[in-house]
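Here the structure is laid out as structure tokens; the discussion comes afterwards.
What follows is calculated from the coordinates using simple rules that are stated; it is not laboratory data. The structure displayed is predicted, hence computed values, not measured ones. Here the Cβ is made from the backbone with ideal geometry for all residues, glycine too, and neighbour counts use every protein chain on show.
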Amino acid sequence: MQHKMKIEAGHTYHYLYSAVHRAHKEAPEIWTIQECTRIMTSIMAAKPFSWRVVGITEAALKKFSEFNFRYKSRSGITRAHLIPRIETVRTLLASSEPLSEGEFLDIWLQNDRTVLCVKGENKATVPKFIEFENSDGELFSCHRVLAGWRHRRREQDHLRSLFESDI
């Protein structure tokens, strides 16, 4: 599935990735994979393109139905990365030189896909889920808070439609 997301000033994210890559190669005992993952998560988080939701587990869809498909804080619904962030960073740091801007952004966007799930389902392997189209990242898009996503009428209608077609 190809993404259609536009990243404004993508070259600036690439500059920061390149700096992290170079620091890791120069001093891997200081700039460990875990440390680089924390840094890259901070750089790439809370942007409209972050944590793109491409599906939902049946348990999360059922939980949303209990709240009339509205978001309710502390309801136990979260997002799970299909590919753990640390694996993405390992891929980005594996080469001897930083990847090109295009390669970097393609890998990041492909691997930053998430699924809505209930707490406890966010494990190393995400359970079976209902996939849906969101290549432009407009549904459940991130906003200024790392843990949050936009949950408007559009998202409610989308969830209701999935629930009704899944019954």
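Relative to the longest principal axis of the Cα atoms of the chain, helix 85-94 runs at roughly 30 degrees. Sorting the segments 28-36, 41-49 by their mean number of nearby beta carbons within 10 angstrom, highest to lowest, gives 41-49, 28-36. Taking the longest Cα principal axis of the chain as reference, the axis of helix 101-111 is set at about 40 degrees. Helix 33-44 axis versus longest C-alpha principal axis of the chain: approximately 60°, rounded to the nearest ten. Pairs over the 23 Å Cα-Cα cut-off, from the set LYS63/LYS128; LYS72/LYS119; LYS62/LYS119; LYS47/LYS128; LYS63/LYS123; LYS62/LYS128: LYS47/LYS128.
The DSSP beta bridges internal to the chain are antiparallel in roughly 75% of cases.
Note on the chain: helix-only mean residue ellipticity at 222 nm, from DSSP H runs of 4+ residues weighted -39500 (n - 2.57) and normalised by residue number, equals -13500 deg cm²/dmol.
Suppose every K and R has +1 on its Cβ and every D and E has -1 on its Cβ; what is the size of the dipole of region 10-166 about the Cα centre, in Debye to the nearest 20?
The dipole of region 10-166 has a size of about 820 debye.
Only one residue of ILE33, PRO48, THR12 has its Cα farthest out toward the positive end of the dipole of region 3-107, where Lys and Arg carry +1 and Asp and Glu -1 on Cβ, and that residue is PRO48.
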